[in-house]
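Notes for the one structure printed next.
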Amino acid sequence: MTKVDIIGGSLSGLSTAISIKEHNRSINVVVYEKHKKIGYNHEGRRCGEAHTIEKEWSKWIPEKNSYYNEIKTGLVYLGEKKYKYTTKPGTAYILNRQEFICQLARKAEKLGVIIQTNHKIKSKNDLESDYIIDASGCPSTIKRELNLNKGLKGVTYQHTIEDSNCFISDTIKIYYIGEFGYYWIFPRNPEKKEVNVGIGFVKNFGYSLKNLLEEFEKKQKITGKINYVTGGLLPIGLQRPFKYKNILFVGDASAGTFPPTGQGIYRALLSGDAAGKCIAHNQVNRYPYMLNKMFIKWDVILKFFTSANLVCRNINPNLVIKNFEYLFKFGVRISH
Ligand SMILES: Cc1cc2nc3c(=O)[nH]c(=O)nc-3n(C[C@H](O)[C@H](O)[C@H](O)COP(=O)(O)OP(=O)(O)OC[C@H]3O[C@@H](n4cnc5c(N)ncnc54)[C@H](O)[C@@H]3O)c2cc1C
């Protein structure tokens, strides 16, 4: 019987597990999660949790208690200009990410997937299955081990603030700064009137993100009590390779994120879905092709846009804001 080991019990690992079982029940699937609990751990809780959804989404709809708010309005601040856009119903959410991961875990277990928590995989040599899925996030466990971890990485830092004067349940706000970075204010748990306020840069320029975020909160006169702080690395665009021998990389380890629209969560789910189908139908060599097909258009735009902005940033930071204005007018909507 074919056996698949999955490193990481979060969005991409669980979507892979579900997809394999949905397409081929006879495959034996084990998910290893290093934390004691699925979902309700520090990595399950990223304060962003904003989600834009495209056509393939319907399969991964969050249950009612797996999201906090449905987003209807986006306000984008580009220098002195402010843009407002309205999202299509059912296409943008602020997830209750921890609960959403549990939703996926319940579905996987119902399909016969075995989930082993409190089990950290240290090396690919710990596993003896036919296929390994590396869904361990960014930087990925196996890419680090094999020194394959070469993709562009951004940085983020975020506060969750409760009892905030900035809570608007259906609205997200994004503020671009010419330095090729951005701030955002997202509504979180309505019961606590929580907002998630964050800063992200597409590259580590060496700034103190904490200081910049605190200055931003002062300038925007954001009130409330900080109850959670997080941050970390963001893989910017596709993180190649997608496959190495019998190992398939999913989620942040391969599909990465697309900062102008967020979509780390969305990409994690879709890449897992694709990897699962390939394994179930014994077509693993198709996986890199499928990932490229899904994301190559945005990857080319992103790589071009990033390079242009890194040059513009040195000439005049306002040019970066102008470039974002063009991208925005081009139709790219921002979720995180
Ligand atoms: C601060 C922050 C905010 C973000 N905000 C947003 C947002 O608003 N919207 C959005 O779309 N995206 C956002 N992202 C990106 C998004 O979180 C990721 O794209 C997404 O989580 C990728 O999912 P994943 O399953 O591939 O990896 P992860 O969610 O990182 O999960 C990896 C899992 O693997 C486990 N693991 C790791 N190593 C091992 C090991 N050796 N053995 C066993 N288990 C292991 C971890 O515990 C974890 O459960 C944000 C990222 C950060 C850092």
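What the table shows:
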{"item": "Residue within region 91-106 that is in contact (Cβ under 8 Å) with a residue 60 or more places away in the chain, surrounded by fewer than 16 Cβ atoms within 10 Å (Cβ to Cβ) and part of a strand (DSSP E or B) present", "result": "no"}
{"item": "Within region 107-118, tally of residues that are surrounded by 22 or more Cβ atoms within 10 Å (Cβ to Cβ) and over 21 Å from the mean Cα position of the chain (by Cα)", "result": "1"}
{"item": "Among residues of region 18-33, those that are near the ligand (Cβ under 9 Å from one of its atoms) and under 19 Å from the mean Cα position of the chain (by Cα), counted", "result": "1"}
{"item": "Lone qualifier among TYR289, TYR326, TYR266 - being within 23 Å of the chain's Cα centre (by Cα), without any contact (Cβ under 8 Å) to a residue 40 or more places away in the chain and more than 24 Å from SER26 (Cβ to Cβ)", "result": "TYR289"}
{"item": "Top-ranked residue of region 269-279 - restricted to ones that are more than 9 Å from the ligand (Cβ to nearest atom) and surrounded by 20 or more Cβ atoms within 10 Å (Cβ to Cβ), ranked as nearest to the chain's Cα centre (by Cα)", "result": "LEU270"}
{"item": "Verdict on ILE121 being closer than 30 Å to PRO190 by Cα and crowded, with 19+ Cβ neighbours inside 10 Å", "result": "no"}
{"item": "Single residue of region 120-138 satisfying the filter (part of a loop (DSSP other than H, G, I, E, B), out of contact with any Gly (no Cβ under 6 Å at 6 or more places or on another chain) and under 21 Å from THR2 (Cβ atoms)) that is farthest from the ligand (Cβ to nearest atom)", "result": "ASP130"}
{"item": "Test result for TYR77, away from the ligand (no atom under 15 Å from the Cβ), closer than 27 Å to TYR175 by Cβ and in contact with a Gly (Cβ under 8 Å, 6 or more places away or on another chain)", "result": "no"}
{"item": "Number of positions in region 174-202 that are surrounded by fewer than 19 Cβ atoms within 10 Å (Cβ to Cβ) and touching a strand residue (DSSP E or B) at 6+ places or on another chain (Cβ under 6 Å)", "result": "2"}
{"item": "Of residues in region 1-13 being within 16 Å of the ligand (Cβ to nearest atom) and in a strand (DSSP E or B), the one farthest from GLY276 (Cα to Cα)", "result": "ILE7"}
{"item": "Search result, residues across region 139-166 that are part of a loop (DSSP other than H, G, I, E, B) and surrounded by 22 or more Cβ atoms within 10 Å (Cβ to Cβ)", "result": "SER140, SER164"}
{"item": "Residues of region 147-180 classified as in contact with a helix residue (DSSP H, G or I) (Cβ under 8 Å, 6 or more places away or on another chain) and not β-branched (Val, Ile, Thr), total", "result": "15"}
{"item": "So ILE185, is it closer than 23 Å to LYS72 by Cα, in contact with a Cys (Cβ under 6 Å, 6 or more places away or on another chain) and assigned to a loop (DSSP other than H, G, I, E, B)", "result": "no"}
{"item": "All positions within region 214-253 that are farther than 30 Å from SER271 by Cβ and either part of a helix (DSSP H, G or I) or free of Cβ contacts under 8 Å to residues at least 12 places away in the same chain (or both)", "result": "GLU214, GLU215, PHE216, GLU217, LYS218, LYS219"}
{"item": "Residues that are near the ligand (Cβ under 9 Å from one of its atoms) and out of contact with any Leu (no Cβ under 8 Å at 6 or more places or on another chain), drawn from region 141-172", "result": "THR141"}
{"item": "Cβ-Cβ under 6 Å pairs, at least 6 apart or on other chains, region 166-177 side among the basic types (Lys, Arg), far side surrounded by fewer than 17 Cβ atoms within 10 Å (Cβ to Cβ)", "result": "LYS173/LEU75"}
{"item": "Hits in region 256-294 - residues which are modelled with pLDDT under 90, assigned to a helix (DSSP H, G or I) and touching a Lys or Arg at 6+ places or on another chain (Cβ under 8 Å)", "result": "none"}
{"item": "Evaluation of TRP298 against (1) at positive phi; (2) under 23 Å from the mean Cα position of the chain (by Cα); (3) of a type outside the set (Lys, Arg) (one fails), failing number", "result": "(1)"}
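The values are calculated or read from the model by the stated rules, or taken from the named source; none is laboratory data. Bear in mind that the values here come from a model prediction, so they are computed numbers and not experimental data. Positions of Cβ are backbone-derived with ideal geometry, glycine not excepted, and every protein chain shown enters the neighbour counts.
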